[in-house]
C-alpha cells in the first residue's frame with residue numbers, strides 16, 4: 001500500500017515540468033520513500049532483494065522496471081540524473097564516475113573503429129589526450145580545429161565524421177564557439193554535436209536548446225560547487241542516451257550513490273552560486289586588466305574579448321573562470337602564484353573558494369609543446385577560478401602576486 005500523500009507527490013513531480021529553473025534545481029527528480037523524508041535520501045547498497053525468482057528474472061530481462069544492481073540502477077543516482085536532465089532540457093541523463101568518464105562514454109558508445117571526430121583544439125588537456133591517444137587505439141581518428149573558425153569546422157569534415165566535440169567557453173582561454181552554427185554544420189553532415197558545458201552549467205547556457213545533441217558535464221566542478229566529489233554526466237535524447245547507458249552498465253564507469261547525493265545538494269544552490277561567481281569574476285577581470293604586469297586578461301565578459309557579443313547572445317552570464325598573462329614568462333607566473341596566500345593552488349575549478357593554477361604545467365601539462373602553442377597555452381598564463389570570497393580580500397591576495405612580478 002502506498003504511503004499517504006504518494007499520489008500527490010507523483011502529481012507534483014509531473015507538474016514540475018512547467019516550473020522555473022530555480023524550482024527544478026531544488027525539486028526535480030526527488031521521489032520520497034515511504035519514510036516521507038524531506039531531503040533526498042542516500043541508497044548506499046550494491047544490490048537489491050527481489051520478492052521472487054520470477055521478479056528477479058523479469059527485472060534482469062527488462063520486462064519489469066525496478067532496481068537491479070547499483071552499477072546501473074540506484075535511486076539516488078537516478079534522482080541526480082533526472083534533475084540535471086531537467087535543468088539542461090534533455091530527455092534523459094546518464095551519470096558517470098567523472099567528467100572524463102562522461103566524454104569516454106560518448107566516444108565508446110556512439111563511435112566505432114573507422115569513425116572520425118572533429119574536436120575543438122581548445123579543450124581540457126585530458127580531453128585532448130583521450131581523443132588523440134586512447135580513442136585512436138580503437139581506430140577512432142580526431143582532427144582538431146580552431147573553435148572560433150566555422151570554415152575550419154566544415155573543412156575538417158570527412159565522409160566518416162560522426163561526432164563534433166567542443167567546450168564553450170574553453171578552458172582556460174574563454175574562447176567561444178557558436179553552438180548553433182556548429183550544430184547546423186554537424187547535422188547537415190549527418191553527425192552529432194556534443195558540448196562540454198562545464199564552465200557555464202545550465203544556469204548560464206543550455207546547448208541542447210541551441211541545437212546540440214549531447215551535453216557533457218564534469219559534475220566535480222560547479223554542479224558540486226565545493227570541491228567534495230568526483231563525477232560526471234551526459235544529457236541528451238533517449239536514443240543516444242540508451243546507448244551511453246548500455247556502455248556504463250557494461251563498462252562500470254558509474255557514479256556512486258554518495259557522490260550523487262552530494263551533487264543533488266550542489267544543484268540546489270547552483271542558480272544563486274553561478275550568478276555570484278559571474279559578478280565576482282567580472283569585477284576581478286576588469287580590475288586585473290588595469291594592473292601593471294598584466295599583459296592580457298581572457299574573459300568573455302570584457303568588452304575587449306573578441307567574442308563578447310557571441311557570449312552575450314548564447315549565454316545568460318559570463319561565468320566564474322578567467323585567465324591572464326603576466327610579464328616575465330613561466331618564472332614570473334610561478335612567482336605570482338606562490339606569492340598568494342589565501343587562494344588555493346589547485347587544478348580544480350568551480351569551487352566557492354577561489355583557485356589558481358598554471359595551465360602550462362598542470363591541467364594542460366601532458367599536451368605536446370606544439371599542441372600547447374596551437375591552443376594558446378602560454379608559459380606566462382595563469383587561470384583563476386573566482387570564488388565567493390570578499391572581493392576586497394581577493395584583490396589583496398592578487399596584489400601579493402602582482403608585487404612578486
Legend entry - Linear extension gain, residue 276 paired with residue 338, 0.36 nm per residue minus alpha-carbon span: 19.7 nm
Inset, instruction - Quick one: compute the contact order of the chain, relative version, from alpha carbon pairs under 8 angstrom and 6+ residues apart, as a percent. - result: 16 percent
Inset, instruction - Could you grab the relative contact order for the range 271-403? Cα pairs under 8 Å, six or more apart, rounded to a whole percent. - result: 29 percent
Inset, instruction - Springs between alpha-carbon atoms under 10 Å, Gaussian network over the chain: tell me which of 100, 342, 367 tops the mean-square fluctuations. - result: 342
Inset, instruction - Between residue 308 and residue 258, with labels modelled 7 Å along Cα→Cβ, what's the label distance in nm to one decimal, could you check? - result: 4.7 nm
Legend entry - Inter-part distance where the range 316-339 and the range 72-134 are each reduced to a Cα centre, Å: 29 Å
Inset, instruction - Quickly work out the residue 91-to-residue 366 label distance, labels modelled 7 Å from Cα along the C-beta direction, and quote it in nm with one decimal. - result: 3.3 nm
Legend entry - Gained length - residue 345 relative to residue 69, 0.36 nm times residue gap less alpha-carbon distance: 95.5 nm
Inset, instruction - Give the percent of DSSP beta bridges with both residues in the range 6-268 that are antiparallel, rounded to the nearest 5. - result: 40 percent
Inset, instruction - Place the peptides 383-394, 34-45 in order of packing, highest mean first, counting for every residue the other Cβ atoms within 10 Å and averaging per peptide. - result: 383-394, 34-45
Legend entry - Label of the coordinate-derived value, percent of Cα pairs over 38 Å apart, listed as [x] 22; [y] 17; [z] 26: [x]
Legend entry - Using alpha-carbon coordinates, inclination of helix 6-15 to the longest axis of the chain, degrees: 40 degrees
Inset, instruction - With runs of 4+ DSSP H residues as the only contributors, calculate the mean residue ellipticity of the chain at 222 nm using -39,500 (n - 2.57) per run, divided by the residue total and rounded to the nearest 500. - result: -11500 deg cm²/dmol
Inset, instruction - Could you tell me the distance between the Cα centroids of the range 165-217 and the range 250-279, to the nearest Å? - result: 20 Å
Legend entry - Separation in nanometres of the label points that stand 7 Å from Cα toward Cβ, at residue 184 and residue 113: 3.8 nm
Legend entry - Additional length obtainable on full extension of the chain from residue 46 to residue 283, 0.36 nm per residue less Cα span: 80.6 nm
Legend entry - Hypothetical label at residue 291: residues of the range 312-345 whose amide nitrogen lies under 15 Å (7 Å Cα-Cβ projection): 322-328, 332-345
Legend entry - Taking the range 114-237 and dividing mean pair separation by its residue count, relative contact order in percent (alpha carbons under 8 Å, at least six apart): 20 percent
Inset, instruction - With everything on Cα atoms, drop me the angle between helix 238-251 and the longest principal axis of the chain, reported from 0 to 90° to the nearest 10. - result: 90 degrees
Inset, instruction - Rank 29, 90, 251 by mean-square fluctuation in a GNM of the chain with C-alpha springs under 10 angstrom and give only the top-ranked residue. - result: 251
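Bear in mind these aren't lab numbers, they're just calculated from the coordinates by the rules spelled out. These numbers were taken from a predicted model, which means no experiment stands behind them. Here the Cβ is made from the backbone with ideal geometry for all residues, glycine too, and neighbour counts use every protein chain on show.
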